[in-house]
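Report on the following structure.
FYI, it's all coordinate maths here, none of it is from the lab. Keep in mind that this is a model prediction, so the values were computed, not measured. Reconstructed Cβ throughout: ideal geometry from the backbone, glycine too, with neighbour counts over all protein chains shown.
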Amino acid sequence: MSDTPVTNRLAPRAEDTVGPYYPYSFIDGDRSDLTRLHCGLSVGPQGQQIILRGRLLDSDGAIVDDALVEFWQANAAGILRTPDNNGHPLLDPFFDGFGRLITTTEPFAFRTIKPGALPAEGGMAARAPHITMTMFSDGITRLVTQIFFDDESKANAQDPLLASLPPELRERLIARRVEAPADGPAVYEIAIVMRGPGETPFFDDLSS
């Protein structure tokens with residue numbers, strides 16, 4: 001056996017007693033930017049590009065790092081990509097609506113297309129433009145919430161999920177537009193508080 005030191009080992013993960021833990025290959029940089037062009041193609045998804053900038057906060061107001069965050073949303077026409085609607089005429093072939101990232105000690109940035117309003121279909125009420133956000137972190141199996149946009153006030157006022165919450169809780173689900181450059185994506189910001197005072201409303205599960 002060689003005495004040569006091994007130098008290509010991966011650094012150990014955190015020594016917390018509670019997971020979850022994720023393999024290094026689990027995150028692809030493309031998953032935090034859904035506007036990137038596909039390899040070999042010069043076209044991208046339809047719609048207005050935006051950046052959702054956010055902070056995942058604990059009960060002390062500190063940023064939670066090493067959490068897994070997943071995003072799921074409709075395309076610009078308000079159509080969610082699901083196994084049941086692969087033939088929908090309004091699906092965007094260059095947009096799958098699913099993103100994923102792992103948080104760091106800095107605010108996260110998710111670049112995507114602003115979702116359209118979901119039409120009333122199959123007995124379901126119409127929905128305001130929103131992004132479903134799912135979080136996994138140390139000691140937390142799964143948290144699910146939805147993020148809405150402050151410049152969609154008319155649609156927000158008619159959204160059934162927002163209408164089910166008292167006004168002070170609705171505000172915690174609204175991302176605020178902070179930048180709207182003429183030659184770049186609009187930037188929205190939101191803080192997601194995982195527990196304690198000011199906690200963000202979370203839901204058992206959301207299918208749309």
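Some notes on this structure:
- Net charge dipole size for region 36-105 [Lys, Arg +1 and Asp, Glu -1 on Cβ; Debye, nearest 20]: 300 debye
- Debye intensity ratio I(q)/I(0), log10, region 46-106, q values 0.13, 0.17, 0.18 Å⁻¹ (C-alpha model): -0.49, -0.70, -0.74
- In terms of its Cα atoms, region 45-193 spans 45, 36, 34 Å along the principal axes, sorted from long to short.
- Relative contact order computed over region 45-193 (Cα-Cα under 8 Å; 6+ residues apart), in percent: 30 percent
- Inter-part distance, region 150-208 to region 119-133, computed on C-alpha centroids, equals 14 Å.
- The alpha carbon centroids of region 63-85 and region 94-115 are separated by 9 Å.
- Note on region 45-193: dipole from Cβ charges, positive end direction compared against 167, 64, 104; the farthest Cα belongs to 167.
- Taken about its Cα centre, region 45-193 carries a charge dipole of roughly 300 debye when the Cβ of each Lys and Arg holds +1 and the Cβ of each Asp and Glu holds -1.
- Cα-based equivalent ellipsoid of region 74-152: semi-axis lengths in Å, sorted from largest, via gyration tensor: 25, 14, 14
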